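Undergrad: What follows is a structure written as structure tokens; I'll ask about it next.
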Amino acid sequence: MAKKKKAANAAKPVILVTNDDGITAPGIHNLVEAVKDLGKIIVVAPDKPQSGMGHAITIGQPLRLSPVSTFFDGVEAYQCSGTPVDCVKLAVDKILRRKPDLCLSGINHGANHSINVIYSGTMSAAVEAAIESIPSVGFSLLDYSIEADFSAARQYARIIVEQMLQSTPEKHTVLNVNFPPVAPDLIKGIRICRQAYAKYEEDFIERNDPNGRKYYWLTGEFVNFDKGKDTDVWALANNYVSVVPVQFDLTNYQLKDKLEKTWKL
């Protein structure tokens, strides 16, 4: 009987879960709840919010990694003093000592559609996993509130993870998944999309601190320049879950071919 139980546990996929909002954020707890029966779950997440960190790694100072037993019921979990990318690196090298079958990042509090993917700590953790040949998904909900309703995100995150586990994805697969901030019965389905061309029109508000020294506060408005109906921005505006396959190879192959033909080198 013990051997059968051990064999069943060994057959379960190992799923690494991380985020950029920190280990106490509701989003990561909802993600764990959505998938915890689909495999052996290991959580390694920052000990504090790390939003907007992009693909930053910690250099020149020590990293702290400590187990936590009170945040997740029955799930092995660790908090890390570093960035989301640090969490993935440490999880693979020092905790799992092997590559997990899947890496899930999120559920982020706030949008990571369009250009946000460049700045996102959530997506950078997923990309780092893919660089390490671990198929990965980054999940985000278009609601920044700490009291956001994750019921629809939880439901559709599970559907997507089940699809990933059943399809044996290519080892460098990275999916950027965003959920509209609506109830489950208002979601029309899942759309496979391309990344929209949109960006922030930014402004820096100049202020003075109590000592009279200037400082700047970044503000801005998200502007969509892409009117296509096959984009993540369109899908989310129309109450679809958007799924954008992304990659870490940034080579512009079309321009590469053009330069090889036109530059006199």
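Undergrad: In segment 106-125, which residues are outside any helix (DSSP H, G or I) and either touching a Pro at 6+ places or on another chain (Cβ under 7 Å) or surrounded by fewer than 24 Cβ atoms within 10 Å (Cβ to Cβ) (or both)?
TA: Those that are outside any helix (DSSP H, G or I) and either touching a Pro at 6+ places or on another chain (Cβ under 7 Å) or surrounded by fewer than 24 Cβ atoms within 10 Å (Cβ to Cβ) (or both): Gly110, Ala111, Ile115.
Undergrad: In segment 182-199, what residues are in a loop (DSSP other than H, G, I, E, B) and without any contact (Cβ under 8 Å) to a residue 40 or more places away in the chain? Break it down stepwise before answering.
TA: So the first thing to find is which residues in segment 182-199 are in a loop (DSSP other than H, G, I, E, B), and the list is 182-183, 187-188, 193, 195-197.
Across segment 182-199, the qualifying residue is only Ala183.
Undergrad: Hey, can you tell me all the residues within segment 131-153 that are surrounded by fewer than 21 Cβ atoms within 10 Å (Cβ to Cβ) and either of a type in the set (Gly, Ala, Ser) or over 23 Å from Phe222 (Cβ atoms) (or both)?
TA: Within segment 131-153, Ile131, Glu132, Ser133, Ser145, Ala148, Ser151, Ala152 meet the criteria.
Undergrad: Also, I was wondering about something else. Of the conditions (1) modelled with pLDDT under 95; (2) open to solvent by less than 50 Å² (accessible area, probe 1.4 Å), Gly52 clears all except one; give me its number.
TA: (2)
Undergrad: Condition first: without any contact (Cβ under 8 Å) to a residue 60 or more places away in the chain, part of a helix (DSSP H, G or I) and touching a strand residue (DSSP E or B) at 6+ places or on another chain (Cβ under 7 Å). Now tell me which residues in segment 25-47 satisfy that.
TA: Passing the criteria: only Val32.
Undergrad: Of all residues being surrounded by fewer than 22 Cβ atoms within 10 Å (Cβ to Cβ) and among the aliphatic types (A, V, I, L, M) in segment 36-45, which is farthest from the chain's Cα centre (by Cα)? Just the residue, please. So that I can check it myself, show each step before the final result.
TA: Start the filter on segment 36-45 by keeping residues that are surrounded by fewer than 22 Cβ atoms within 10 Å (Cβ to Cβ), which leaves 36-40, 42.
Still in the list and also among the aliphatic types (A, V, I, L, M): 38, 42.
On the way: Leu38: 19, Ile42: 16 Å.
Out of the qualifying residues, it is Leu38.
Undergrad: Which of the residues that make up segment 11-24 are in a loop (DSSP other than H, G, I, E, B) and open to solvent by less than 10 Å² (accessible area, probe 1.4 Å)? Walk me through it before giving the result.
TA: Taking segment 11-24 and keeping what is in a loop (DSSP other than H, G, I, E, B), we get 12-13, 19-24.
Asn19, Asp20, Gly22, Ile23, listed by residue number.
Undergrad: Right, here's the next one. Cβ-Cβ under 8 Å, sequence separation 6+ or interchain: first residue in segment 69-88 and closer than 20 Å to Gly39 by Cα, partner open to solvent by 50 Å² or more (accessible area, probe 1.4 Å) and of a type in the set (A, V, I, L, M). Which pairs?
TA: Going by the 8 Å Cβ cut-off, the qualifying pairs are Tyr78/Leu65.
Undergrad: I've got another one for you. Hey, does segment 256-264 have a residue that's closer than 27 Å to Ser124 by Cα and either modelled with pLDDT of 95 or more or touching a Phe, Trp or Tyr at 6+ places or on another chain (Cβ under 8 Å) (or both)? Don't jump to the end; show me each part of the working.
TA: We begin by selecting, within segment 256-264, every residue closer than 27 Å to Ser124 by Cα; these are 256.
Next cut, either modelled with pLDDT of 95 or more or touching a Phe, Trp or Tyr at 6+ places or on another chain (Cβ under 8 Å) (or both) only: 256.
Yes.
Undergrad: Oh, and also: What is the number of the single condition among (1) open to solvent by 70 Å² or more (accessible area, probe 1.4 Å); (2) over 21 Å from Tyr144 (Cα atoms); (3) not in a loop (DSSP other than H, G, I, E, B) that Pro210 does not meet?
TA: The number of the failed condition is (3).
Undergrad: State all residues of segment 245-264 that are of a type in the set (Asp, Glu) and surrounded by 10 or more Cβ atoms within 10 Å (Cβ to Cβ); if no residue qualifies, say none. So that I can check it myself, show each step before the final result.
TA: Let us first name the residues in segment 245-264 that are of a type in the set (Asp, Glu), namely 249, 257, 260.
If the condition is that a residue be of a type in the set (Asp, Glu) and surrounded by 10 or more Cβ atoms within 10 Å (Cβ to Cβ), then Asp257 is the only one that fits.
Undergrad: Out of Glu162, Glu202, Glu221, Glu170, which single residue is in a strand (DSSP E or B), open to solvent by 40 Å² or more (accessible area, probe 1.4 Å) and either under 20 Å from Leu102 (Cα atoms) or out of contact with any Asp or Glu (no Cβ under 8 Å at 6 or more places or on another chain) (or both)?
TA: Details: Glu162 fails: in a strand (DSSP E or B); Glu221 fails: either under 20 Å from Leu102 (Cα atoms) or out of contact with any Asp or Glu (no Cβ under 8 Å at 6 or more places or on another chain) (or both); Glu170 fails: in a strand (DSSP E or B).
Of the residues listed, the single one that is in a strand (DSSP E or B), open to solvent by 40 Å² or more (accessible area, probe 1.4 Å) and either under 20 Å from Leu102 (Cα atoms) or out of contact with any Asp or Glu (no Cβ under 8 Å at 6 or more places or on another chain) (or both) is Glu202.
Undergrad: In addition: Which members of segment 71-91 meet the condition of being open to solvent by less than 10 Å² (accessible area, probe 1.4 Å), more than 19 Å from Gly52 (Cβ to Cβ) and part of a helix (DSSP H, G or I)?
TA: Ala91
The values are calculated or read from the model by the stated rules, or taken from the named source; none is laboratory data. None of these values were measured; they are calculated from a predicted model. All Cβ positions, glycine included, derive from the backbone under ideal geometry; neighbour counts span all protein chains shown. For the accessible areas, the whole protein counts, side chains as well, though only heavy atoms, and no ligand, DNA or RNA atoms are used. Shrake-Rupley method; radii C 1.70, N 1.55, O 1.52, S 1.80 Å.
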